[in-house]
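Written out below as structure tokens is the structure these notes cover.
The values are calculated or read from the model by the stated rules, or taken from the named source; none is laboratory data. In this text the structure is predicted, and so the values were computed from the model without any measurement. Cβ placement follows ideal geometry from the backbone for every residue including glycine, while neighbour counts extend to all protein chains displayed. Keep in mind that these areas ignore ligands, DNA and RNA; they rest on the heavy atoms of the full protein, side chains included. Shrake-Rupley method; radii C 1.70, N 1.55, O 1.52, S 1.80 Å.
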Amino acid sequence: MTKVNSFFRKKNFHTQEKSKHHLNKTLGAFDLTMLGVGAVVGGGIFILPGEVASVIAGPGIIISFIIAGIACCLAALCYSEFASKLPVAGSAYTYSYHVFGEGIAWILGWSLILEYGLAVAAIASGWSSYMKSLLAGFNLHIPTVISSAYDPKAGTYFDLLAFLVIMVIGILLSFGIRESTRVNNIMVLVKIAVVVLFIIVGAFYVKPDNWTPFLPFGVQGVITGASTVFFAYIGFDAVSSAAEEVKNPQKNMPIGIISSLAVCTFLYILLSAVLTGVVPYTDLVGVSAPVAFALQAINQNWIAGLLSVGAIVGMTTVVLVMSYGGTRLLFAMGRDGLLPKSFSKIGKNDTPVRNTMIFATVMGLIASVVPMADLAQLINIGTLFAFAMVSIGIFFLRRNPELNQKGFKTPFYPVVPALSFLLCVYLMLNLSKTTWIAFGIWFVLGLIVYTFYGRKHSALRLK
């Protein structure tokens, strides 16, 4: 087989089904919805609204969340079709292997490693900040040298808390997905309750004058804001990584993906409207915990304290679900031979324990030394690229008679997948030049790894 042909060699579903390495089917629609909400409602809802409103979109952040939400909803419909027809681990990577071929699948898998890995690291960094604030309220302080990411000028070299939370989550995931989802479901209900409490209490203190001017940074500010707040939506695709462990995936996968995203979009829009209505957007410049800041501004300090706990719980679930998605991606790529086979080995709890702990250790080290600000936009571009490829992939999936007869179908075909693709590409083009350069470097590095390892060890090549 020539190098060009190997780049486009495809899997078929029956070959996938005969694989020796499979994960147990234990999850239902409710578990999937909680996984989705757990991944999406986290650092984004507690941090991003203030940052984006203050210097990018103003009160128009409400529209930014709507635009980003529409892009995600369109992509979610496309993901739902793939997930119901190809209920195997690996998310967009596995889908691409069936419709585009091995090389494109590798590129997407490589991009998703960037998304899941850096999301875990970035959220763990935010988790550390909230935890330090909570501990400070009890007069407990972390030594400066191990209190934050590498910054010699500030005297910080290692973020111990960020490292520890990722390692603890890795250990929890090693016990099995059934046990992990039980913990996740409880934490998700807690953080939704805290967010709803803020919306209800804050609604009584909204001053419509704070929404004027509504677009202080113009329409471009709203569009740039949509590209930025997209970070708040990443994670729903981690639900599709669970497909191989889902009971009745044809029915439950679309329910889990679409319902979790609908809940999250609704909460984001309401929270951003209340936040900018309670506090003028100009007062949010440089505020790292805007929701707590708004509550303190209206003398609701007890709720602000509760919110800090909710933020910590919320970000913990994001770390858990994104770590889960990352480990299942590594499992799928290891099973296919594009990464070392050790990544696909199953432990005693029907869990890829080895790859889970490797993932946790590497991402824990990244979170402990790299500042969060340097991670966020790279996550956005990797996610948008994956969404765009899944959207365009629907056109190829519909031409496959082996898969086109069963499962959920994206409505209003071909309009929905086409709009999803175009919107994702448009949002990508609004990201910074630096982000594109960094993504380009990651892309080239991925091609090198594929050329010298993945292509030669591919399970399809060895058959």
Identity of the residue in segment 319-352, open to solvent by 10 Å² or more (accessible area, probe 1.4 Å) and not charged (D, E, K, R), that ends up modelled with the lowest pLDDT: N349
For segment 442-463, give me the residue count where each residue is open to solvent by 50 Å² or more (accessible area, probe 1.4 Å) and in a loop (DSSP other than H, G, I, E, B). 3
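Filter segment 238-254 for residues that are within 22 Å of A68 (Cβ to Cβ) and part of a helix (DSSP H, G or I) and give the result.
Residues of segment 238-254 that are within 22 Å of A68 (Cβ to Cβ), as a first pass: 238-241, 254.
Hits for segment 238-254 are A238, V239, S240, P254.
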Scan of segment 17-55 for residues that are at pLDDT 85 or above and buried (at least 24 other Cβ atoms within 10 Å of the Cβ), ordered by number: V52, A53
Just one of the numbered conditions (1) modelled with pLDDT under 85; (2) assigned to a helix (DSSP H, G or I) is not true of S64; which one? (1)
When segment 248-277 is checked residue by residue, the ones that are of a type in the set (V, I, T), surrounded by fewer than 24 Cβ atoms within 10 Å (Cβ to Cβ) and farther than 21 Å from D209 by Cα are I255, I258, V263, T265
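Let me confirm something: among I123, I166, I177, I186, which residue is of a type in the set (V, I, T), under 19 Å from G314 (Cα atoms) and at pLDDT 90 or above? Walk me through how you get there before you give the answer.
Working: I123 fails: at pLDDT 90 or above; I177 fails: at pLDDT 90 or above; I186 fails: at pLDDT 90 or above.
Just a single option satisfies the conditions, and that option is I166.
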Check off (1) among the β-branched types (V, I, T); (2) exposed (fewer than 15 other Cβ atoms within 10 Å of the Cβ); (3) in contact (Cβ under 8 Å) with a residue 40 or more places away in the chain for T435 and give me the number that stays unchecked. (2)
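Taking segment 161-177 as the region of interest, how many residues are farther than 24 Å from V263 by Cβ, open to solvent by less than 60 Å² (accessible area, probe 1.4 Å) and of a type outside the set (V, I, T)? If you could, list the steps in order and put the result at the bottom.
Looking only at segment 161-177, we keep the residues that are farther than 24 Å from V263 by Cβ, and these are 161-168, 170-171, 174-176.
Among the residues that remain, those that are also open to solvent by less than 60 Å² (accessible area, probe 1.4 Å) are: 161-163, 165-167, 170, 174, 176.
Those still in the list that are of a type outside the set (V, I, T) too: 161-163, 167, 170, 174, 176.
Count: 7.
On the given criteria, is I394 touching a Cys at 6+ places or on another chain (Cβ under 9 Å), surrounded by 20 or more Cβ atoms within 10 Å (Cβ to Cβ) and in contact (Cβ under 8 Å) with a residue 40 or more places away in the chain? Reasoning before the result, please.
Working: touching a Cys at 6+ places or on another chain (Cβ under 9 Å): yes; surrounded by 20 or more Cβ atoms within 10 Å (Cβ to Cβ): yes; in contact (Cβ under 8 Å) with a residue 40 or more places away in the chain: yes.
Against the criterion (touching a Cys at 6+ places or on another chain (Cβ under 9 Å), surrounded by 20 or more Cβ atoms within 10 Å (Cβ to Cβ) and in contact (Cβ under 8 Å) with a residue 40 or more places away in the chain), I394 qualifies.
Is it true that L135 is open to solvent by 30 Å² or more (accessible area, probe 1.4 Å) and not in a helix (DSSP H, G or I)?
Numbers: open to solvent by 30 Å² or more (accessible area, probe 1.4 Å): yes; not in a helix (DSSP H, G or I): no.
Taking the combined requirement at face value, the residue does not satisfy it.
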Step by step: first the residues of segment 355-374, then only those that are at pLDDT below 90 and open to solvent by 10 Å² or more (accessible area, probe 1.4 Å), then the one that is nearest to T327 (Cα to Cα). Which residue is that? I366
Go through (1) modelled with pLDDT of 85 or more; (2) surrounded by 19 or more Cβ atoms within 10 Å (Cβ to Cβ); (3) touching a Leu at 6+ places or on another chain (Cβ under 8 Å) for I142 and report which single condition fails. (2)
For V195, are the conditions met, namely being surrounded by fewer than 24 Cβ atoms within 10 Å (Cβ to Cβ), in contact with a Gly (Cβ under 8 Å, 6 or more places away or on another chain) and assigned to a helix (DSSP H, G or I)? yes
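Among the residues of segment 288-297, is any of a type in the set (S, T, N, Q), in contact (Cβ under 8 Å) with a residue 24 or more places away in the chain and within 20 Å of S129 (Cβ to Cβ)? Spell out the reasoning first.
In the first step, residues of segment 288-297 are kept if they are of a type in the set (S, T, N, Q); the result is 288, 296.
Adding the requirement that they be in contact (Cβ under 8 Å) with a residue 24 or more places away in the chain leaves 288.
Subsequent filtering for residues that are within 20 Å of S129 (Cβ to Cβ) retains 288.
Looking through segment 288-297, at least one residue is of a type in the set (S, T, N, Q), in contact (Cβ under 8 Å) with a residue 24 or more places away in the chain and within 20 Å of S129 (Cβ to Cβ).
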Every listed condition ((1) assigned to a helix (DSSP H, G or I); (2) crowded, with 21+ Cβ neighbours inside 10 Å) holds for A149 save (1)
S180, sole failed condition from (1) in a helix (DSSP H, G or I); (2) open to solvent by less than 40 Å² (accessible area, probe 1.4 Å); (3) over 17 Å from G326 (Cα atoms): (3)
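So, S84, is that one in a helix (DSSP H, G or I), surrounded by fewer than 24 Cβ atoms within 10 Å (Cβ to Cβ), in contact (Cβ under 8 Å) with a residue 40 or more places away in the chain and of a type outside the set (A, V, I, L, M) or not?
Numbers: in a helix (DSSP H, G or I): yes; surrounded by fewer than 24 Cβ atoms within 10 Å (Cβ to Cβ): no; in contact (Cβ under 8 Å) with a residue 40 or more places away in the chain: yes; of a type outside the set (A, V, I, L, M): yes.
So S84 does not fit the description; no.
For segment 198-218, give me each residue that is in a helix (DSSP H, G or I) and free of Cβ contacts under 8 Å to residues at least 60 places away in the same chain. Steps first, answer last, please.
Narrowing segment 198-218 to residues in a helix (DSSP H, G or I): 198-203, 208-211, 218.
Once the filter is applied, which keeps residues that are in a helix (DSSP H, G or I) and free of Cβ contacts under 8 Å to residues at least 60 places away in the same chain, segment 198-218 yields I200, D209, G218.
Inside segment 102-130, can you point out the residues that are of a type in the set (G, A, S) and open to solvent by 10 Å² or more (accessible area, probe 1.4 Å)?
First, pick out the residues of segment 102-130 that are of a type in the set (G, A, S): 103, 105, 109, 111, 117, 119, 121-122, 124-126, 128-129.
Across segment 102-130, the qualifying residues are S125, S129.
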